[in-house]
Amino acid sequence: MLELHIWGPGFGLPSIDPQCLAAIAYMILTVPKEDWKIVPSSNPQLAPSQSLPALRTSSTLWSCGLPNIISHLRQLYPSSDLDSFLPPRDAALNTAFTSYITSRGQELLDLSLYVSHKNFSSVTRPVFSSLLGWPVCYYHPLSARNAARERVRHLGFSSSIDITKKAEDVMAPLGETPGERAAREAADPKPRNNALGELAVGIKLSAMMNDFLGPLEKQLGEHRSLLGGQTASVDCVMLGYLALMLVPEMPKAWAKEGLDRHPNLKAWTEEFIGRVFADLPMGEVERGDVAWLGGVVYRNFIDNLPVIGKKEKVKNEEDPMLDASRKRAEALQRKEWWKSVLFITGGVVGMITYIAWSGIIRIQTGGEEGGEEEEGEEGEAEGEEVEEIEVDDDEHDE
Amino acid sequence: MATLEKQHSQSGPAQSQSKSWLPIPEPVKKLFDSFPVVTYPAQQLPAGCPRNEKLPTLWIFTKGDGLDANGRELMSFNPSCLKWQTYLRLSSLPYRAVPSSNHSSPSGALPFLIAPENSETIPSNKLMQWIKKHGNPPEEDLEDPEIKALLALVETKLRDAWLYTLYLTPVFWSLTQDLYTSTSSSLARLYLSHELQQAARQELANTRPLLAHSLLTAPLSYTASYSSSIAPSATGATSPAEEIYADLESALQALETILGDDNWFHGADRPGYFDAAVFGYVELMGMEGLRETRLGEVVAGCRGLQRWREGVRGRAGW
């Protein structure tokens, strides 16, 4: 019995992840129903590559990620493989369109499901919360959102694409310098620009949707599959991305509106969803993570103990919960701390050197030589003390 | 010091005049007097500054002054720069290549072009329009779905393999470091190298969620094992190298199929933008220093693409 582990279900679809949806569609079309089941575990830690979708063929054998799953199924069910019978040119286009849809579609889904604060807080996050156990439900959605932001940074949408956002969304990243804060605040549209900013963002997003969907609409035409022949793996991939643009009911529905403007694609998506997602061999929800969650709680507890915490740090490398962004933030914070210590020390030393070199203090005091020296030293000492107090203050701030 | 003292004495009367409406405390005045205002004469423009150019200048990553021993223009070692260099040549537009770095670009990325007539700066995303207006580019329908999809293939799979090999394998120390960090200070060099590798890692992790974990957490020694092909582990996870090079092979295979027996892509009568875009990667993947790597071996094995590459070289006059 094959087990397909996925994220989901949610948004009225069997999965909330485009690659998982594609994997489901592919398996529906190629594997006999009695041979497999879907395990909506929503727990990437179960699979060795720590990502979903993952196909479990036996208790220890996994294939992770859609390409590996497809090539594995090709070995198991060679006669029903979708791509083996494509003519060479279509096989090439199959590869090309798959990477087109995956790269461009992912950016748009990131913007629609995660980066848009309204959509994220009112739809995506509640869906995640219903899928995940405690305490993962608190921080997985946020780390997923940060990853999505990172992916769309090059498009100029690094912060939020909603203008009407709440204050808590503008949480300052850890270890931010004043310069970075100023830059972030300057980049964020101010409330008074609301109407104009929202309009501009809306125009840009719908242009991006058209840019993405236009070629697909043209390629699909009136056919039943993207390449015009029989259904290939690229159709399953396209279904995954388009379904997540079409089906979820979002407050900011620009993705759906974009698909509405492309009638062929929309009709194709609706028809395909009805065909493959109607009757799914759903298996038991696997929650086999109690031990794992216990481990996390224990680990967090240990980490916060001042004495043992340090020794345990090495083991954290394997700790699935300490995600990369948190590690980065910590490193950044440490770096910032050292930087400020360095700057203050440098400043104090520089100031003292300058005072001693320029003889400012000597000019002020004048008089006897002996007294002058004494007073000069006292002045220096005082200066140092004041600066040290400032050092302390800075540390408290952080 | 002599000028400072002069300024010092000059600033005396000026301050005593201002005393009439705002008294300045003596220590503050003394402090201010030790920093007199000095106005220096205007600086000459830097020697590398463009002036009275007759040709459009294309600002790219290149070695030295961008010319070889015979005074011929060198190919850029950056795929995107080489793409535009080649496309300008294919569009019969004479230009002058200027060595540059990201910091000099208004958009933060190279290449960009400065037009001779009005010194207008044209970033790479507007270059196509400019070339269409001024040059004689081949007719091409870049809105065609197939071409768009194939371009996406080049910009993801070929680029990933390029980034991985150049930044996250030992090639980085033997080749990339010298190309992209031009400083003699070894400390600064080490720091810049670290930044470059980190950026490449982040870039790859963004587009490959499956590998994000191993890419971001693996120490360099792990990712460095590029030449030994790592078989998929019993646990089903693939190594970054394995996945990235498998993708590269399938992408190059797809390009070979699309090219077929034609001279240029899509049966055109002369090479165009698409050819230039693929050429940027395929040419550089076979460059000196990469031939022994897996990247170089994979690309050298593509006979059709190598034949086509020679053709583009000839047409572009490289």
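Points to keep in mind about this one:
- In this simple spin-label approximation, B:Arg270 and B:Arg291 carry label points 7 Å from Cα along the Cα→Cβ vector, and these lie 3.2 nm apart.
- Near-label residues of the range A:1-45 by backbone N, under 19 Å of a point 7 Å along Cα→Cβ of A:Thr60: A:1-3
- Listed pairs A:Lys252/B:Lys157; A:Lys218/A:Lys256; A:Lys339/B:Lys157; A:Lys335/B:Lys157; A:Lys37/A:Lys252 exceeding 30 Å between Cα atoms: A:Lys252/B:Lys157; A:Lys339/B:Lys157; A:Lys335/B:Lys157; A:Lys37/A:Lys252
- Reduced Cα scattering model of the range B:57-134, Debye log10 I(q)/I(0), q = 0.12, 0.18, 0.24 Å⁻¹: -0.29, -0.68, -1.21
- In a fully extended conformation the segment linking A:Val341 and A:Met282 would gain 15.5 nm over its present Cα-Cα distance, using 0.36 nm per residue.
- Accessible surface, per residue, of the range A:211-285 when the full set of protein chains is kept, probe 1.4 Å, Å²: 39 Å²
- Whole-Å distance, taken between Cα centres, linking the range B:89-137 and the range A:201-235: 32 Å
- Using a Förster distance of 25 Å, the FRET efficiency for A:Glu34-A:Ser80 (Cβ separation, nearest 0.05): 0.95
- Pairwise burial A:B, computed as accessible area of each alone minus the pair, summed, 1.4 Å, Å²: 2700 Å²
- Tensor-based shape of the range A:34-121 (alpha-carbon gyration tensor, a/c under 1.5 rounded, otherwise prolate or oblate): oblate
- Residues whose amide H falls under 5 Å from that of A:Gly10, counting only those 5 or more places apart or on a different chain, are A:Ser15, A:Ile16, with hydrogens built in the peptide plane.
- Estimated at 0.36 nm per residue, the fully extended path between B:Gln129 and B:Glu53 surpasses their Cα-Cα distance by 25.3 nm.
- Residue-span extension gain [A:Lys327 to A:Glu198] - 0.36 nm each, minus C-alpha spacing: 43.0 nm
- The order of B:Val278, A:Val247 by accessible area, most exposed first and with a 1.4 Å probe, is A:Val247, B:Val278.
- Across the range A:120-136, computed HN-Hα scalar couplings (Karplus, 6.51 cos²θ - 1.76 cosθ + 1.60, θ = phi - 60°) run 5, 6, 9, 10, 5, 5, x, 4, 4, 4, 6, 8, 9, x, 7, x, 4 Hz from first to last residue, x flagging Gly and Pro.
- For the range A:46-85, a drop of 10 Å² or more in accessible area on going from the chain alone to the assembled protein chains (1.4 Å probe) is found at A:Pro48, A:Ser49, A:Gln50, A:Ser51, A:Thr60, A:Leu61, A:Trp62, A:Cys64, A:Gly65, A:Asn68.
- Under-5 Å amide H pairs with A:Leu2, H placed in peptide plane, nonlocal only: A:Trp36, A:Lys37
- If you sort the three axes of the alpha carbon gyration tensor as a ≥ b ≥ c, you get a/c of 1.5 or more for the range A:20-166 and a/b no higher than b/c, which makes it oblate.
- Under the shape rule built on the C-alpha gyration tensor, where the axes satisfy a ≥ b ≥ c, the range B:54-99 is oblate, since a/c reaches at least 1.5 while a/b does not exceed b/c.
- Accessible surface ranking that places the most exposed of A:Phe11, B:Phe32 first, with a 1.4 angstrom probe: B:Phe32, A:Phe11
- Using the Cβ-Cβ distance between A:Trp134 and B:Asp144 with R0 = 51 Å, the FRET efficiency computed as 1/(1 + (r/R0)^6) comes to roughly 0.50.
- Remark: the range A:39-169 carries 39 Å² of accessible area per residue (probe radius 1.4 Å; ligands, DNA and RNA excluded).
The values are calculated or read from the model by the stated rules, or taken from the named source; none is laboratory data. Here the structure is a predicted model, which is why all the values come from computation and not from measurement. Heads up, the Cβs are rebuilt from the backbone with ideal geometry, glycines too, and the neighbour counts pull from every protein chain shown. These accessible areas exclude ligands, DNA and RNA; they are computed on the full protein's heavy atoms, side chains included. Shrake-Rupley method; radii C 1.70, N 1.55, O 1.52, S 1.80 Å.
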